[in-house]
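The values are calculated or read from the model by the stated rules, or taken from the named source; none is laboratory data. All of these numbers come straight from a predicted model, not from anything done at the bench. Don't worry about glycine lacking a Cβ; one is built from the backbone with ideal geometry, like all the others, and counts go over all protein chains shown. Surface areas here come from the heavy atoms of the whole protein model, side chains and all, with no ligands, DNA or RNA. Shrake-Rupley method; radii C 1.70, N 1.55, O 1.52, S 1.80 Å.
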Amino acid sequence: MPTTQQISPTSPIGRDTRRVDGPLKVTGTAQYASDYHFPGLLYGVPVEATIANGKITKLDTTAAEKMPNVRAIFHRENIGKIFRSTLGPGFEGISDERRPPFDDDIVRYYGQYVALAVADTFEAAKAAADAVRVTYAKEKPNVDTALTADDEPAVVPTTFAPTPREQSKRGDAEGAFTSAPIKLDQTYITPTETHNPLELHATTAVWDDSKLTLYESTQSIFNTRNVLAQMFGLQQENVRIITKFLGSGFGSKLWPWTHCSLAAAAARQLGHPVKVVVSRKMMFQTVGHRPRTQQRVRLGATPDGKLASLQHDYVFEHAILDNYHEDCGETTAFLYSVPNLRVAFGRARRNIGSPTSMRGPGAVPGLYATESAINELADQIKIDPVQLRIINEPKLDESLGIPFSSRHMLECFQLGSEKFGWSKRTPEVASMKRDGLTLGWGMAGCSWIAARFPADATVHLRDDGTVRVACGTQDIGTGTYTILAQIVSDKTGVTLDKIEVALGDTSLPPGPISGGSMATASVIPAVWAAADGAISSLLSIATSTPGGPFEHRKPDDLALQDGKVFVKADGPANGVPFADILRRANLRFLAGNGRSESTFGNPKPKFSTHSFGCHFVEVTWQPEIARLRVSRVVSVIDAGRILNPLTGRNQIEGAVVMGIGMALFEHTNYDPQTGAPINSNLADYVVAVNADAPQIEVHFVDFPDKEINELGARGIGEIGLAGVAAAITAAVHHATGIRVRELPVRIEDLVA
């Protein structure tokens with residue numbers, strides 16, 4: 001177990017800290033993947049299939065190839081060899097869409113790339129792509145929204161590993177449900193949702209002889225390197241991925257998509273750098289989405305609210321060829337105490353592009369179903385929904401039979417109830433009014449996994465008094481640059497403005513993916529150890545440099561604080577700046593290296609590691625004009641020590657707004673005739689915007705979890721979204737009396 005670390009009174013840890021990369025972003029200095037320009041740069045625009053099921057019978061590129069400034073139209077016959085990648089150990093070689101682009105003439109989803117136009121300008125490439133004529137043997141696509149599980153074996157392949165379809169089981173769930181005096185059996189549906197990060201997916205590919213560099217919009221630079229190395233038959237050291245800044249990804253940029261390899265293949269063929277930027281419309285088709293889910297939840301309980309049985313059976317859509325898994329049962333088995341439980345899933349193949357992770361994959365739609373069911377059960381037996389959850393609070397993780405490393409759900413319920421004013425709630429439908437509006441109050445619990453991925457880091461103490469920390473992870477907009485600077489500042493006492501953070505390059509020490517809310521937890525031990533190594537070297541140099549102020553001391557006599565070395569017995573008042581010591585020793589810098597081992601996927605964990613929390617929501621309902629608004633949200637999160645409350649609150653606030661979009665707006669519709677996403681733009685795909693954002697109050701209970709890392713910090717990027725939709729639909733029912741079980745809530749649901 002990691003030792004407890006004392007935080008210095010002057011440390012930025014635990015204090016509101018502005019993003020160190022903020023000035024670069026607001027001044028436009030920060031370079032994103034599509035901002036890179038090189039001599040001879042060419043532009044690629046994919047040609048998309050206009051059917052969702054069928055076969056290419058003819059591809060006519062004649063007119064396109066003759067257009068001005070066009071360099072080539074690439075297709076199956078001339079793109080060159082692109083190999084299929086395979087999954088390696090750990091998180092090596094992950095890809096949701098395994099089929100290499102142009103691998104055959106079969107079209108399996110609308111928008112599938114069938115050719116690539118490359119030209120001297122983007123405009124010329126777009127015109128050429130539009131001029132390519134494709135003839136198809138078309139078949140009717142299957143994009144049905146009614147999901148029935150395909151007939152599959154008990155264990156099925158998924159993106160990461162073979163997975164049993166019966167995920168968790170204890171006791172006799174069916175028998176206990178049958179004999180339970182109180183029963184609830186309902187089905188909950190979440191729609192297809194499309195990621196819409198501000199930054200479009202983009203790749204700029206550059207070859208230097210047999211070495212490939214990609215300037216890439218990715219949440220996992222090392223995995224992207226590993227996949228592209230396989231696809232082009234290269235050694236990993238001959239592939240470099242650079243992602244200095246990312247305009248968010250919400251999971252859609254975790255794994256490489258087909259435009260990455262197309263850009264690389266075109267650049268290889270033409271001997272010029274090639275840039276491919278995925279259009280907003282294409283982002284609804286070829287770079288993943290949250291799949292549609294259909295979840296049946298059965299609860300058996302006693303009249304006093306004690307759960308006797310919980311059954312969670314869910315089905316989700318996925319692609320014809322691929323095996324993405326939407327783990328809706330991720331939290332079901334441990335969130336509440338119940339002696340009889342069964343969680344199982346099925347899959348329904350559709351003519352769609354591969355689904356992929358979307359902020360809080362699995363748990364977010366899963367918790368919408370299970371938390372909605374808990375709320376319905378509370379109404380059915382007339383118990384306050386907070387009290388029902390308290391009654392069923394587990395003492396340990398009953399799915400694994402081990403204790404939680406840290407679980408403070410009850411404190412979250414207590415603080416959330418107090419801050420929201422939950423005691424003033426009257427349970428009767430439409431019983432609460434304010435300013436002529438009907439109020440609805442609802443709440444839900446939430447959880448998200450906490451763990452570490454492997455990570456390496458280096459820390460350099462330099463002779464100009466600055467410090468450099470480097471790790472090959474990436475900052476996806478969540479504040480990783482700032483967190484690393486805070487950690488190093490805490491260890492060395494050097495102010496943030498004198499700390500350089502190097503991220504986003506596979507030439508740096510290997511770092512974790514920015515997914516699963518695990519990047520921060522993963523890098524802390526590595527950076528901590530690297531800083532300790534650099535400081536240890538510094539103290540040794542301080543005592544071994546002839547004529548130095550500490551020449552006759554032992555390293556154990558010394559310490560580093562506020563950037564100065566001093567004798568512990570004398571205190572820091574007369575400390576010597578470490579830069580002076582390095583210059584006296586004629587050293588440009590001293591380096592320390594650190595490593596963090598992975599805890600994710602540990603087959604024999606001693607503790608169950610998760611974050612927890614709850615959301616309390618108020619909606620206002622104006623039946624005269626059928627106007628529904630979310631007016632107030634209080635979120636309380638138990639995510640270990642919060643290193644930066646400012647960016648932490650920002651993460652939760654953004655997640656809550658995304659939860660409002662999930663509950664009230666977001667859904668992707670497919671045309672049943674063509675298989676095309678109908679609302680594939682930001683005018684018709686409605687997301688929550690500033691005008692929809694209510695008053696949001698965020699609180700952290702701030703209990704360090706030392707099983708995760710030295711600072712006790714867990715990730716917070718995804719838990720803020722989990723549970724929000726269930727709290728909103730509970731509030732909608734409280735205001736209107738209408739129980740909505742299929743998202744998003746529509747006005748038609750409320751006025752029927």
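Considering only residues in segment 25-35 that are touching a residue at least 12 places away in the same chain (Cβ under 8 Å) and farther than 19 Å from R240 by Cα, the one that is surrounded by the fewest Cβ atoms within 10 Å (Cβ to Cβ) turns out to be K25. Contact map, segment 728-749: residues that are closer than 13 Å to Y368 by Cα and charged (D, E, K, R) paired with residues that are in a loop (DSSP other than H, G, I, E, B) and open to solvent by less than 50 Å² (accessible area, probe 1.4 Å), Cβ distance under 8 Å, separation 6+ or inter-chain. Pairs shown: E742/P191. Residues of segment 429-466 that are open to solvent by less than 30 Å² (accessible area, probe 1.4 Å), over 30 Å from G90 (Cβ atoms) and of a type in the set (A, V, I, L, M, F, W, C): M432, L439, W441, M443, A444, L461. Within segment 276-295, the set of residues being open to solvent by less than 10 Å² (accessible area, probe 1.4 Å) and in contact with a Ser or Thr (Cβ under 6 Å, 6 or more places away or on another chain) comprises V276, F284, V287, G288, H289, T293.
Against the conditions (1) in a loop (DSSP other than H, G, I, E, B); (2) within 18 Å of S337 (Cβ to Cβ); (3) touching a strand residue (DSSP E or B) at 6+ places or on another chain (Cβ under 7 Å), where does G360 fall short? Just the number, please. Among (1) in a loop (DSSP other than H, G, I, E, B); (2) within 18 Å of S337 (Cβ to Cβ); (3) touching a strand residue (DSSP E or B) at 6+ places or on another chain (Cβ under 7 Å), the lone unmet condition for G360 is (2).
Going by what's in this entry, would A125 be described as farther than 22 Å from R350 by Cβ, of a type in the set (G, A, S), open to solvent by less than 10 Å² (accessible area, probe 1.4 Å) and assigned to a strand (DSSP E or B)? The answer is no for A125. Take G44 and decide whether it is surrounded by 21 or more Cβ atoms within 10 Å (Cβ to Cβ), in a strand (DSSP E or B), in contact with a helix residue (DSSP H, G or I) (Cβ under 7 Å, 6 or more places away or on another chain) and touching a residue at least 40 places away in the same chain (Cβ under 8 Å). So G44 fits the description; yes. If you go through segment 634-652 and keep only what is surrounded by 23 or more Cβ atoms within 10 Å (Cβ to Cβ), polar (S, T, N, Q) and touching a Lys or Arg at 6+ places or on another chain (Cβ under 9 Å), you end up with just N644. Would you call E411 in contact with a helix residue (DSSP H, G or I) (Cβ under 8 Å, 6 or more places away or on another chain), of a type in the set (D, E) and not in a strand (DSSP E or B)? Answer is no for this residue. For the residues G305, G288, the requirement of being over 22 Å from the mean Cα position of the chain (by Cα) and either under 30 Å from T121 (Cβ atoms) or assigned to a loop (DSSP other than H, G, I, E, B) (or both) singles out G305.
Remark: N574 matches the filter, which requires a residue to be polar (S, T, N, Q) and without any contact (Cβ under 8 Å) to a residue 12 or more places away in the chain. Note on segment 196-225: residues that are among the aliphatic types (A, V, I, L, M), under 16 Å from the mean Cα position of the chain (by Cα) and open to solvent by less than 20 Å² (accessible area, probe 1.4 Å) total 1. Evaluating F578 against the criteria (1) open to solvent by 50 Å² or more (accessible area, probe 1.4 Å); (2) more than 30 Å from S372 (Cα to Cα) leaves one unmet condition, (1).
Only one of I56, I82 is hydrophobic (A, V, I, L, M, F, W, C), at pLDDT 95 or above and either under 32 Å from the mean Cα position of the chain (by Cα) or at positive phi (or both). Can you tell me which?
I82
Evaluation of E174 against the conditions (1) among the acidic types (D, E); (2) in contact (Cβ under 8 Å) with a residue 24 or more places away in the chain; (3) not in a helix (DSSP H, G or I) shows that the sole unmet condition is (3).
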